[in-house]
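Worksheet for the structure shown next.
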Amino acid sequence: MLQSFNEQNRDLLININGELVHRDRAGVSPFDSSVQGGDAVWEGLRLYDGRVFKLREHLNRLTHSAKALAFETIPSHDELIEQIRRTLEANSMRTDVHIRLTLTRGVKITSGMDPRLNQSGPTLIVLAEHKAPVYDRAVGATGLTLATSSIRRFGPDQMDPKIHHNNLIQSIMAKIESNAAGADDAVMLDQRGFLAETNATHVFVVTGGKVETSRCVACPEGITRATVLELCARHDIPNAERDISMAELYRADECFTTGTMGEIAWVGSVDGRAIGGGGIGPVTMRLRELFSELTSREGERVVG
């Protein structure tokens, strides 16, 4: 699935360390850690009617990731929220907005991987775009098509997925494979061959009315993923987190993906196998409705 350019984003102002710069002139130093080695952490947030959904949860994850990478300086939640607010107001944004928040270790005094070369504090980038949920096609007649990638997700003994870092080469390589297969996204397995996630989202299966997803062993602690599990518990929908094999995915009644950028999107086929009855299932539809209701009333007010 290829995203298209939104004309509303032609003259975006990007926030880099508090300075608002036109997208065509925005940039970071070639000595920045993100350029040198992907040494940065990030979050994706979504704006609904002036409110950012699960804002504190996202900022907590950003902070936890930065701590795990031993960043010496981490902005406070209040500092981060202020820069998000300034960026949204400068772009006259209120709803249907996706925010990419990036915190790098900062600029190095000379090229090299040693964190001791970073002596000027972190770099904060706030990129807000007019962007509706990207998997709009998944609410139509076909759903998402997924293809299994040969690229395996790391476990915590290799690169802990609880660190939401900017080194996305695994995901990019998997996405290249799914593009070559003509699929929307790639299914990625853990080192044991169990379902981990896609290259960009978490995966849920529904069998016999029960909603199940992979344990967070080789996938990050997803905010939307956690929200879906909370909705299941609140509305008495059976659910579980466990190891899921690909055969179980193929024979599931329903399948859907979750993520901040795409919300809840139903999957129509995996590796050429139709999932369920070939249309969006009742449990997926119910969860989409519950999620929409939740985002319409919850979230932290950032802009008026």
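The values are calculated or read from the model by the stated rules, or taken from the named source; none is laboratory data. Everything quoted here is computed from the prediction, not taken from an experiment. Glycine gets a Cβ as well: all are built from the backbone with ideal geometry, and neighbour counts include every protein chain shown.
Among the residues making up region 135-151, those that are modelled with pLDDT under 90 and either closer than 14 Å to residue 182 by Cα or assigned to a loop (DSSP other than H, G, I, E, B) (or both) are 135, 140, 141, 142.
Taking the conditions exactly as written (without any contact (Cβ under 8 Å) to a residue 24 or more places away in the chain, of a type in the set (D, E, K, R) and within 17 Å of residue 201 (Cβ to Cβ)), does residue 157 satisfy them or not? Considered against the rule, which asks whether it is without any contact (Cβ under 8 Å) to a residue 24 or more places away in the chain, of a type in the set (D, E, K, R) and within 17 Å of residue 201 (Cβ to Cβ), residue 157 comes out as no. Among the conditions (1) among the aliphatic types (A, V, I, L, M); (2) touching a helix residue (DSSP H, G or I) at 6+ places or on another chain (Cβ under 8 Å); (3) in a strand (DSSP E or B), the only one that residue 196 does not satisfy is (2). Taken as a whole, region 74-95 holds no residue that is touching a residue at least 12 places away in the same chain (Cβ under 8 Å), assigned to a strand (DSSP E or B) and not aromatic (Phe, Trp, Tyr). Within region 287-304, being in contact (Cβ under 8 Å) with a residue 60 or more places away in the chain, basic (Lys, Arg) and more than 18 Å from residue 266 (Cα to Cα) holds for one residue alone: 301.
For region 97-118, indicate whether the set of residues that are in contact with a Ser or Thr (Cβ under 8 Å, 6 or more places away or on another chain), in a helix (DSSP H, G or I) and either buried (at least 21 other Cβ atoms within 10 Å of the Cβ) or among the aliphatic types (A, V, I, L, M) (or both) is non-empty. Within region 97-118, one or more residues are in contact with a Ser or Thr (Cβ under 8 Å, 6 or more places away or on another chain), in a helix (DSSP H, G or I) and either buried (at least 21 other Cβ atoms within 10 Å of the Cβ) or among the aliphatic types (A, V, I, L, M) (or both).
Each row is one residue, and each column tells you yes or no for (1) surrounded by fewer than 22 Cβ atoms within 10 Å (Cβ to Cβ); (2) out of contact with any helix residue (DSSP H, G or I) (no Cβ under 9 Å at 6 or more places or on another chain); (3) on the phi > 0 side of the Ramachandran plot; (4) not hydroxyl-bearing (Ser, Thr, Tyr).
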position: 231; (1), (2), (3), (4): yes, no, no, yes
position: 242; (1), (2), (3), (4): yes, yes, no, yes
position: 257; (1), (2), (3), (4): no, no, no, no
position: 275; (1), (2), (3), (4): no, no, no, yes
position: 279; (1), (2), (3), (4): yes, yes, no, yes
position: 291; (1), (2), (3), (4): yes, no, no, yes
